[in-house]
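First comes the structure, then the notes that go with it.
The values are calculated or read from the model by the stated rules, or taken from the named source; none is laboratory data. Every value quoted in this text rests on a predicted model; they were computed, and no experiment measured them. Note that each Cβ is placed from the backbone with ideal geometry, even for glycine, and that neighbours are counted across all protein chains shown. With ligands, DNA and RNA removed, areas are computed over all heavy atoms of the protein, side chains included. Shrake-Rupley method; radii C 1.70, N 1.55, O 1.52, S 1.80 Å.
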Amino acid sequence: MQHIQDPASQRLTWNKPPKSVLVIKKIRDASLLQPFKDLCIYLSEVNNMIVYVEKKVLEDPAITNDDSFGPVKKKFCTFREDYDDISNQIDFIICLGGDGTLLYASSLFPGSVPPVMAFHLGSLGFLTPFNFENFQSQVTQVIEGNAALVLRSRLKVKVVKEHREKKMMIQNGIEENGVMSPGLEKEMFKDIMQYQVLNEVVVDRGPSSYLSNVDVFLDGHLITTVQGDGVIVSTPTGSTAYAAAAGASMIHPNVPAIMITPICPHSLSFRPIVVPAGVELKIMLSPDARNTAWVSFDGRKRQEICHGDSINITTSCYPLPSICFQDPVSDWFESLAECLHWNVRKKQNNFAVDEEEEF
């Protein structure tokens with residue numbers, strides 16, 4: 001008898017022993033300085049690994065003024081976000097902080113993402129299952145390939161914006177000269193930006209007092225118009241974030257799906273829906289919308305969406321491999337109970353023997 005693959009059966013395997021590690025540390029958090037130093041010393045001196053650290057992390061005065069950390073710091077390879085491409089140089093990633101550090105690590109890799117080991121040193125810790133007390137043995141197990149994995153799907157997002165100033169300049173030139181330049185294509189009027197999103201794409205009304213009014217298309221078909229504060233398009237990983245606060249169901253990260261959740265819809269029947277991971281969504285301002293909309297990606301890169309702009313969303317070919325503390329099922333339900341207090345209540349007392357006999 002054949003069965004669907006057990007979601008807890010995915011294991012971490014190395015083709016060759018890992019040599020380089022990227023350490024992501026939450027910025028401006030003094031409580032993380034000592035764990036960061038201990039981890040980096042262990043990786044570089046004990047395991048002889050190449051440690052990559054973001055340049056702005058080492059600019060912290062507490063690190064620059066620490067003479068004892070100087071010899072270790074000299075061994076680091078540094079990089080700057082949006083300037084340096086390190087995607088082909090990292091074997092695995094270690095995050096120190098909260099869930100935001102994992103989201104940030106995801107944003108650094110537009111393509112394939114190395115396995116990520118996340119330590120819970122932040123406020124919530126839903127996505128960060130490891131405690132730092134026994135970090136040496138836990139890191140060693142990962143280096144040896146003794147760990148379970150969950151492949152967290154990401155969203156590939158393409159934002160197409162009309163380049164209104166360029167379009168107006170070209171059109172004015174055509175009106176004056178009466179001719180169109182040869183080879184002029186529609187793409188000249190558009191700016192295209194792409195993002196990889198781990199949690200959610202949020203489209204909202206921004207500072208406007210009017211309801212948002214955006215059309216949602218699925219594989220080219222208009223499925224609904226959102227009238228309310230906005231709409232959330234999330235991965236299963238993101239279903240326990242903003243979407244959960246907006247009333248959506250929570251989906252295990254191994255389920256291949258995309259969730260569409262309205263934010264305060266002006267309708268009593270607009271419920272969140274789950275669609276297959278293979279579909280293509282497109283969100284645009286409705287033609288009769290009174291105001292523009294705003295969009296953000298995992299809470300970053302917030303920007304305005306105007307008439308004629310579009311947000312195209314599909315499931316990415318590049319998931320984020322998250323290293324589990326136990327396995328994908330145990331870790332997820334542990335996080336639901338510990339972080340969100342899911343179904344936590346006092347147990348009902350049982351009947352005493354004599355009370356049962358009275359009935």
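Too long at a 26 Å Cα-Cα cut-off: which of K26/K301; K56/K301; K19/K55; K75/K158; K26/K346? Beyond 26 Å between Cα atoms: K75/K158; K26/K346.
Please give me the summed charge of the neighbours of G220: other residues whose Cβ is under 14 Å from its Cβ, Lys and Arg +1, Asp and Glu -1. Can you show the working numbers first?
On the way: positive: K282; negative: D215, D219, E280.
Result for the local shell: -2.
Counting other Cβ atoms within 10 Å of each Cβ, which chymotrypsin sites (Phe, Trp or Tyr not before Pro) in the range 40-87 have at most 10 and sit in a DSSP loop? When the chymotrypsin sites (Phe, Trp or Tyr not before Pro) of the range 40-87 are filtered for loop state and at most 10 Cβ neighbours within 10 Å, Y83 remain.
Counting only protein heavy atoms and a 1.4 Å probe, the range 29-140 has 45 square angstrom of accessible area per residue.
The residues packed around T314, meaning those with a beta-carbon under 13 Å from its beta-carbon, carry a net charge of +2 if Lys and Arg are +1 and Asp and Glu are -1. Heavy-atom accessible surface of the range 224-291, averaged per residue, reaches 44 Å², computed with a 1.4 Å probe. Subtracting the Cα-Cα distance of E338 and Q136 from 0.36 nm times their residue separation leaves 70.3 nm of extension gain.
To the nearest 20 debye, what charge dipole does the range 213-295 have about its Cα centre, counting +1 at the Cβ of each Lys and Arg and -1 at the Cβ of each Asp and Glu?
Using Cβ point charges on Lys, Arg, Asp and Glu, the range 213-295 gives about 140 debye.
Around E280, with a cut-off of 13 angstrom between Cβ atoms, what is the net charge of the other residues, counting Lys and Arg +1 and Asp and Glu -1? Once positives and negatives cancel, what remains is +2. Highest GNM mean-square fluctuation, the chain, Cα pairs closer than 10 Å: which of E45, E200, E54? Among E45, E200, E54, the largest mean-square fluctuation in the Gaussian network model of the chain belongs to E45. Placing +1 on the Cβ of every Lys and Arg and -1 on the Cβ of every Asp and Glu, with no other charges, gives the chain a dipole of roughly 1000 debye about its Cα centre. In the assembled protein chains, D191 presents an accessible area of approximately 70 Å² (probe radius 1.4 Å). Helical content alone sets the calculated 222 nm signal of the chain at -5500 deg cm²/dmol, taking -39,500 (n - 2.57) per DSSP H segment of four or more residues and averaging over every residue. Shown for the range 263-332: the carbon plus sulfur share of the solvent-accessible area, taken with all protein chains present and a 1.4 angstrom probe, equals 56%.
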